[in-house]
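For reference, the structure discussed in these notes is given below.
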There are 2 protein chains.
Amino acid sequence: MINVTMQALGEEPSAIRELFAYGLARKAEIGEDRVFDFSIGNPSVPAPPAVSAAIAEAAAIPPQQVHAYTPASGTDSARTAIADNLNRRFGQEYTADNLYLTCGAAASLSISLKALIEPDDEVIVISPFFPEYRVWVEMHGARLVEVPARASDFQIDVPALKEVLNEHTKAVIINTPNNPVGVVYSEQVLRDLARVLADASTAYGRPVFLISDEPYRELAYGGITVPWVPSIYPNTLVCYSWSKSLSLPGERIGYILVPDAVDSSRQVYAAVCGAGRALGFVCAPALFQRVIAQCVGEPADIESYDRNRALLSGILDELGFEYIRPDGAFYLWVKALEPDENAFAERAKKHELLLVPSDSFGVHGWVRLGYCVSEKVIAGSADAFRVLRAEYR
Amino acid sequence: MINVTMQALGEEPSAIRELFAYGLARKAEIGEDRVFDFSIGNPSVPAPPAVSAAIAEAAAIPPQQVHAYTPASGTDSARTAIADNLNRRFGQEYTADNLYLTCGAAASLSISLKALIEPDDEVIVISPFFPEYRVWVEMHGARLVEVPARASDFQIDVPALKEVLNEHTKAVIINTPNNPVGVVYSEQVLRDLARVLADASTAYGRPVFLISDEPYRELAYGGITVPWVPSIYPNTLVCYSWSKSLSLPGERIGYILVPDAVDSSRQVYAAVCGAGRALGFVCAPALFQRVIAQCVGEPADIESYDRNRALLSGILDELGFEYIRPDGAFYLWVKALEPDENAFAERAKKHELLLVPSDSFGVHGWVRLGYCVSEKVIAGSADAFRVLRAEYR
């Protein structure tokens, strides 16, 4: 009678959302200080003062100049500011015509996939992976193909990925810095990936697109460089969002970059415009297009997250937890102390530690800790981790 | 190689957009005062001062309280404020649970259709109709069925609509006050419609949903009442936007209302949530959810549009143009002075009158004038209309 697939998607329980809701209730019950909620990726760092200043400024000028429809692809001023910023940082020559503003990274990915996918296509993801990838890939009619990350360091397992490439492969989605693992893909691994994708494009006579999902691009620590993917593999679409770098997750503002070097670049860009239209996006929020035009160069406050990373790593190191040392994003990927990650997370919950079981990301045996929380939460969690660890000795 | 349907949609020329772009260029060439641009529906009335005040207030409080992710369905405070407002105005008992906030009416419609449509479904629209209806209906896999409006007054032709109802009919989309015609559907015609939809639901053993697209609800003139559709046909979803009533078209903020009286209401609501997720909407823009929670009761400035309506009608009356006397929205539907509406619009353009030919809305022989412009533009256009009229005598 209605679309049962959509109903099921709407009713599907989400471990992350449920854990977050449990955390809110539990904090109300026993106090904020006593619940150690590592469940979600809502930035703890506030948006920079320049953002609030740009909003206040917009509130003071004639409303018609701020709130009118913009072109579907975004205002020239915002797109030009973004292109200039990318050109400065990555030595490129992008223009406004390479950019399409979106309502955040989810929209960027959904629109990009819709623009590319044809019947019988396959899209490859690296597991563990952000669970909505499956929803969007399948929604737009392709099959999702999972390639497990390299066991040793959670970089891309390029030889394994090469094995699943075939004449149906339309695209590969990568996410670097990575949610949920925190790894930053190395230049070497990206070069290896580029070679096998280029070879496959030649062998099967049709281009394999790389979709680089980069909401965490600015969150990298210890001086590590996050390689600019389109410089390594030209046939790359970049999907970006300011949710994390400017702490604006609720405002839904991001972009799709379609460089000129992408195969049939102008046709792909037109398909992006068509997909945005077909899905019901009219334009990205106008006020935040204005904010971005002014604040695109604002640095992200990575020091706070870096301190959290050091503090939490120190606690886990001391207690002998096994985890992937993160170079970016704000997640720690920790080995569960028993094979069943859900049983482990349930036991952690008894000590008020809220950790996301790895089956949410398509793999078993791990938990994800989001350290975009206050230092107080991390410091306060040390005893709980100690007791949890002791239970497994 | 890419999705050619999306590419074609992205490359499709739009008469409205092209006319608008032509208008901008022409104004730069010969001066703002000498081009009479009736092409688009961008409100000329500014957002009310309460909106700017709410934005300024938000800029002054801690950013994390403003810009964080909201629940996918919207904040409780915004949804409760909207429910209270509807309850007061229409004597209902809605709660936050009946409301799902969206990125504007386009998103409301795309999501509602995705939630309802199954393979082999049909969706009925009344022609002339907003051209994106076809895009969304077909995108989500249904057939669009057009039923011409009643020739005399452009109300719904209920007997004609009854003829096309069948076991595949999933929904009927209505838009009142109407774009492009400006008509407000009468209570009588809606009651007639409700009866045939209820009969068809019984006859074919499955409910026919009514989707009431209402971005112009508050823009009605001369004391006319816009009937509350769910009170007349219980199986109604309302798709709303503040683009016109609060002059916020670029900010993308609206809602879907799923009343409890809708068939399988909670399942439909879940499917709406699932469809929003699948299409790539995460939440409506958080800052504007806050603005709406504070400003939902702000009256629209209908006096300005009403003055424009009187002024433009007076000019057309004096010159003997035939048109549909509009009760709502901000459009005038004028009979072209020759059978080919494109030839007529081209001739008008020679006199700097920018009118949208009716084939953009699926019918022939008319043009649409958007009177959401300054009074000066309307007053200045009188001579041009006079010369145009004289050419056809």
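The values are calculated or read from the model by the stated rules, or taken from the named source; none is laboratory data. Just so we're clear, the structure is a prediction, and the values are computed from it rather than from any experiment. Don't worry about glycine lacking a Cβ; one is built from the backbone with ideal geometry, like all the others, and counts go over all protein chains shown.
Could you say whether any residue in region B:349-363 is charged (D, E, K, R), closer than 12 Å to residue B:39 by Cα and not in a strand (DSSP E or B)? There is at least one residue in region B:349-363 that is charged (D, E, K, R), closer than 12 Å to residue B:39 by Cα and not in a strand (DSSP E or B). Of all residues in region A:54-83, those that are closer than 18 Å to residue A:284 by Cβ and among the acidic types (Asp, Glu) total 1.
Taking region B:374-386 as the range and being under 20 Å from residue B:32 (Cβ atoms) and in a helix (DSSP H, G or I) as the test, the residues that pass are B:375, B:376, B:377, B:378, B:379, B:380, B:381, B:382, B:383, B:384, B:385. On inspection, residue A:173 passes the criterion of being within 24 Å of residue A:328 (Cα to Cα) and either surrounded by fewer than 19 Cβ atoms within 10 Å (Cβ to Cβ) or not aromatic (Phe, Trp, Tyr) (or both). Give the residues of region B:217-237 that are away from chain A (no Cβ under 14 Å) and free of Cβ contacts under 8 Å to residues at least 60 places away in the same chain, sorted by residue number. The answer is B:217, B:223, B:225, B:227, B:229, B:232, B:233, B:234, B:236. Taking region B:66-153 as the region of interest, the helices (runs of 4 or more DSSP H) fully inside it that hold 3 or more residues being aliphatic (A, V, I, L, M) and within 10 Å of another protein chain (Cβ to nearest Cβ) are B:105-116.
When we screen A:47, A:28, A:56 for residues that are within 13 Å of chain B (Cβ to nearest Cβ) and either free of Cβ contacts under 8 Å to residues at least 12 places away in the same chain or among the acidic types (Asp, Glu) (or both), the only hit is A:56. Figure legend. Inter-residue proximity from region A:1-17: first residues closer than 28 Å to residue A:345 by Cβ and within 7 Å of chain B (Cβ to nearest Cβ), second residues of a type in the set (Lys, Arg) and crowded, with 21+ Cβ neighbours inside 10 Å, beta-carbon distance below 6 Å, spacing 6+ or different chains. Indicated pairs: A:9/B:277.
Just one of the listed residues (A:203, A:198, A:151) is modelled with pLDDT under 95 and either of a type in the set (A, V, I, L, M) or buried (at least 17 other Cβ atoms within 10 Å of the Cβ) (or both), and it is A:151. Scoring residue B:212 on the criteria (1) under 22 Å from residue A:6 (Cβ atoms); (2) polar (S, T, N, Q); (3) in a helix (DSSP H, G or I) leaves a single failure, condition (3).
Of all residue pairs spaced 6 or more apart or on separate chains, those with beta-carbon atoms under 8 Å, a first member in region B:330-355 that is on the phi > 0 side of the Ramachandran plot and a second member that is surrounded by 15 or more Cβ atoms within 10 Å (Cβ to Cβ) are B:352/B:26; B:352/B:35; B:352/B:36; B:352/B:384. Note on region B:255-284: among residues that are in contact with a Gly (Cβ under 7 Å, 6 or more places away or on another chain) and assigned to a loop (DSSP other than H, G, I, E, B), the one that is farthest from the other protein chains (Cβ to nearest Cβ) is B:284. Determine the pairs where a residue that is in contact (Cβ under 8 Å) with a residue 40 or more places away in the chain, located within region B:188-216, has a partner that is among the aromatic types (Phe, Trp, Tyr) and part of a loop (DSSP other than H, G, I, E, B) with Cβ atoms under 9 Å apart, the partner being 6 or more residues away or on another chain. As it stands, the answer is B:190/B:233; B:191/B:233; B:193/B:185; B:193/B:233; B:213/B:130; B:215/B:242; B:216/B:330, since those pairs meet every condition given.
Does residue A:302 qualify as being surrounded by fewer than 24 Cβ atoms within 10 Å (Cβ to Cβ), out of contact with any Lys or Arg (no Cβ under 8 Å at 6 or more places or on another chain), touching a residue at least 12 places away in the same chain (Cβ under 8 Å) and β-branched (Val, Ile, Thr)? The answer is yes for residue A:302. Residue B:193 passes every criterion in (1) within 14 Å of another protein chain (Cβ to nearest Cβ); (2) part of a helix (DSSP H, G or I); (3) surrounded by 22 or more Cβ atoms within 10 Å (Cβ to Cβ) apart from (1). Here are some residues: B:81, B:72, B:115, B:96. Which one is buried (at least 23 other Cβ atoms within 10 Å of the Cβ), touching a residue at least 12 places away in the same chain (Cβ under 8 Å) and of a type outside the set (Val, Ile, Thr)? Just one listed residue meets the conditions, B:115. In region B:254-274, what residues are in contact with a strand residue (DSSP E or B) (Cβ under 7 Å, 6 or more places away or on another chain) and β-branched (Val, Ile, Thr)? Across region B:254-274, the qualifying residues are B:256, B:258, B:262, B:272. Restricted to region A:31-43, and to residues there that are modelled with pLDDT of 90 or more and under 22 Å from residue A:382 (Cβ atoms), the residue that is nearest to the other protein chains (Cβ to nearest Cβ) is A:39.
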